[in-house]
Amino acid sequence: MTGVLPDGRGQGDDRGTGFTGPWNGSANIVAAAGALYYIYFAATGIQYPALDRSLFILLGMLIAFMTRPLGGTVLLRTVDILLIGAAILCTVRFNLMYLSFLQMVGLPISNLDLWLGWIMIALSFEACRRILGLAIPVMGILFLLFLFYGPHAPQPFTHIGFDARTIASYMYAGTDGIYGHITYVLASQMFLFLVFGAFLMRSGASDFFAQASMALVGHRPGGTAKAAVASSTIIGSITGSAAANVAISGSMTIPLMKAAGFKPHVAGGIEAAASTGGTIMPPVMGVAAFIMVALTGIPYSDVVLYSATPALLYFFFVYTQVHFYAQRNGLHGAPRHELPPVNATLKGGWFYLLPVGVVVAGVFQGYSLAFIGLIGIVAAFAVSWVSRKDRMMSKDIFLTLAAGTRQAMPIIVVAGPVAIIAQSVMLPGTGLRITGMLVSAGSGDLALTLLLIFAVAYVLGMGLSVVPAYILLATLAAPALLQLGVPLLAAHLLVMWWGQASNITPPVALASFVAASIAEAPLWRTGWQAVLKGAGLFLIPVLFAYQPGLLYAASPFQNVLTIGSIVLGIIAASGAIEGFLFHRLSVIERVLLGGGAAVLLFGHSIPVVVSGLLICGVILGMRRMKSEITDRRRRAAVDPTQPAQTEERRK
């Protein structure tokens with residue numbers, strides 16, 4: 001998931017995810033045709049459930065087998081051709097038998113469908129392996145083994161077990177497996193938003209957003225890093241992909257940060273953390289938000305509305321950390337004369353905000369998400385004609401359609417395996433058991449239950465990408481929070497945010513991987529720096545459970561008090577993390593400031609908030625007194641008569 005270049009290749013992509021090699025042309029044609037099909041579906045409103053979902057899965061398989069071959073020999077390429085043929089055969093059979101499958105849910109399927117079902121399961125895992133690696137396919141295989149050997153599973157996970165025919169029936173011939181609701185959401189709702197992101201970036205918007213960010217904040221301390229945060233706020237909210245955001249904005253901001261004095265792994269970590277915020281920033285957010293809509297039934301407009309403030313607070317958290325880091329290390333902004341002029345830059349590219357405005361308006365007007373993605377694409381194409389150098393002609397449109405599909409590949413190929421994993425959890429009732437275990441282990445205490453869920457989320461984030469991590473958390477952990485009285489939206493936003501950890505948490509860390517490659521820095525050091533700068537990703541979700549005002553679920557006064565205290569708490573927390581707040585802080589001061597930050601973040605009432613402010617004020621007062629004493633001693637060392645003169649003035 002990387003940036004889009006005019007020729008349809010990716011930026012910052014050294015893993016070969018672009019369409020290159022002898023089948024490049026065929027892959028581009030398939031990708032563009034797939035995008036056009038879903039554009040047609042959005043424009044006409046005609047729906048063929050079986051075809052829409054199965055073509056989405058087939059699209060990912062065809063491109064994966066074309067662009068990630070087993071090898072270069074004739075024999076291995078022949079194997080790829082056979083896999084493509086098998087994928088087409090399974091898809092055609094599913095569509096021909098769709099109505100029959102609906103009428104025989106729970107009944108045995110034929111031997112042919114048994115074989116085709118297992119072939120389709122294997123092809124789903126193989127396509128995912130070629131694009132995303134082994135982690136998700138291995139987990140999917142383990143869950144299938146769990147279905148097979150249920151009677152031998154340890155308590156409390158024991159179940160009756162399922163045979164190969166039953167598993168194939170649910171995974172291939174049913175409406176809850178590979179072609180289930182998760183695939184429907186990704187195909188009919190999410191996909192065109194990624195294509196829209198590709199069109200908007202190709203129209204020249206990415207350059208404008210980066211230049212505007214540099215013009216507005218580049219002169220401040222750590223200005224290049226702050227520009228990375230600012231540009232990621234906009235670009236990430238459109239692409240909905242952390243890794244794509246890094247590739248688009250990081251290719252410009254990371255070299256500038258390094259030139260300004262930021263260490264390579266710190267520059268990469270800042271960009272990865274800022275880009276991850278794009279997956280939680282409206283209007284597009286990330287794929288997990290669309291799946292949340294499907295799982296909860298909450299309107300997408302509500303998800304967008306209530307997600308805006310927490311997302312802005314996340315970016316503010318990253319911004320303040322960058323500010324204090326820059327001040328602590330003496331990193332100044334760029335001279336104003338070296339930066340783009342503010343007025344001219346904004347005047348020359350304000351129209352790039354129009355497609356974003358069209359999407360936001362469409363969301364709150366209640367149009368279907370597919371149609372909103374379509375009108376966003378049309379608007380992005382229209383604004384490309386304002387600038388002569390960015391005008392999109394027929395070839396550009398074709399390549400951008402292909403590039404949009406290529407950007408969506410990690411989401412397309414993960415749909416099948418994730419659906420298999422989710423079905424493997426729900427089929428034997430394991431999800432309900434794990435939910436009960438979490439509540440029981442937490443002894444009904446919300447704080448302890450959150451700690452357990454966070455541990456699970458962190459481990460999942462280290463091994464899985466965002467989509468499977470969120471679906472598992474939504475299936476297993478969110479119901480436990482609901483039982484403890486956490487509102488539905490708050491519970492799912494919490495696990496969705498924690499599910500984003502895989503963007504920055506090694507070893508998966510897709511955003512950190514791309515940032516490290518651009519920064520030429522070690523992956524693990526870059527990843528852990530991204531975790532530090534992205535601390536809000538782990539902290540702010542806790543506030544969903546404890547601070548109703550953060551999601552505007554309290555009185556107007558309480559909402560304002562909550563958000564105001566959180567802003568102050570973020571400033572204090574950033575100072576504690578970076579060891580700087582107006583001056584360098586000692587270890588004891590950092591600990592005390594962190595305590596004050598916790599009080600401000602979790603305070604519900606005026607007395608509590610005031611006490612948090614007093615703690616922070618005492619620390620600042622101590623630091624001021626210490627600075628004055630140090631200054632006096634320094635002056636006394638230079639002029640021995642100064643203490644006596646000072647004493648005389650006091651008298």
Residue by residue through the stretch 37-46, what is 3J(HN,Hα) from phi via Karplus (6.51 cos²θ - 1.76 cosθ + 1.60, θ = phi - 60°)? Round to whole Hz and write x for glycine and proline. 4, 6, 5, 4, 4, 6, 6, 9, x, 6
Computed FRET efficiency, Cβ-Cβ of Q47 and V587, R0 56 Å: what is it to the nearest 0.05? 0.40
Trypsin sites (Lys or Arg not before Pro) in the stretch 323-405 lying in a DSSP loop, each with at most 13 other Cβ atoms within 10 Å of its Cβ, come to R391
Karplus (6.51, -1.76, 1.60) ³J(HN,Hα), θ = phi - 60°, over the stretch 64-78, in Hz, Gly and Pro reported as x: 4, 6, 6, 9, 10, x, 5, x, x, 6, 4, 4, 5, 5, 5
Overall form of the stretch 20-94 per C-alpha gyration tensor (a/c, 1.5; a/b vs b/c): oblate
So how much slack lies between R336 and T158, counting 0.36 nm per residue of separation and subtracting their Cα-Cα distance, in nm? 57.4 nm
How much FRET efficiency would the formula 1/(1 + (r/R0)^6) give for N329 and Y458, where r is the Cβ-Cβ distance and R0 is 25 Å, rounded to 0.05? 0.30
Gain in length, D302 to M437, computed as 0.36 nm per residue apart minus the alpha-carbon separation, to one decimal in nm? 45.5 nm
The long-range amide H neighbours of F580, using H built 1.01 Å from N in the peptide plane and a cut-off of under 5 Å, are L585
Could you quote the convex hull projected area for the stretch 24-182, Cα atoms only and averaged over all directions, in nm²? 11.1 nm²
One finds, for S611 and A344 with R0 = 41 angstrom and r their Cβ-Cβ distance, a FRET efficiency to the nearest 0.05 of 0.25
In square nanometres, what is the average projected area of the Cα convex hull of the stretch 344-462? 12.7 nm²
Over the stretch 24-182, what relative contact order in percent results from Cα pairs under 8 Å that are six or more residues apart? 23 percent
Angle between the chain longest axis and helix 409-426 axis [Cα atoms, degrees, rounded to 10]: 80 degrees
Looking at (i) 42.0; (ii) 33.7; (iii) 50.5, which value of mean projected area of the Cα convex hull in nm² comes from a calculation on the structure shown? (ii)
Quick check on packing: order 481-493, 553-565 by the mean number of other C-beta atoms within 10 Å, highest mean leading. 481-493, 553-565
The stretch 575-598 scanned against label point 7 Å out from M625 along Cα→C-beta; backbone N under 17 Å for 586, 588-590, 592-593
Quick one: which of K263/K533; K347/K395; K226/K258; K258/K347; K347/K533 span more than 21 angstrom between C-alpha atoms? K347/K395; K258/K347; K347/K533
To test your reading of the geometry: what angle, between 0 and 90 degrees and rounded to tens, separates the Cα axis of helix 300-328 from the longest principal axis of the chain? 40 degrees
Stretch gain in nm, segment L451-L76, where the contour uses 0.36 nm per residue and the Cα spacing is subtracted: 130.2 nm
Table column - 3J(HN,Hα) (Hz), the stretch 276-283, Karplus curve with 6.51, -1.76, 1.60, x for Gly and Pro: 4, x, x, 7, 10, 9, x, x
Debye-sum result for the stretch 554-632 in log10 I(q)/I(0), which assumes one identical scatterer on each alpha carbon, at q = 0.23, 0.24 Å⁻¹: -0.95, -1.01
Using a 7 Å offset from the Cα along the Cα-to-Cβ direction at both L89 and Q365, what is the distance between the two label points in nm, to one decimal? 4.8 nm
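A short reminder: the numbers here are calculations on the coordinates, not readings from a lab. Just so it is clear, the structure is predicted and the values come from calculations on it, not from any experiment. Counting neighbours? That spans all protein chains shown, and the Cβs are built from the backbone with ideal geometry, glycine included.
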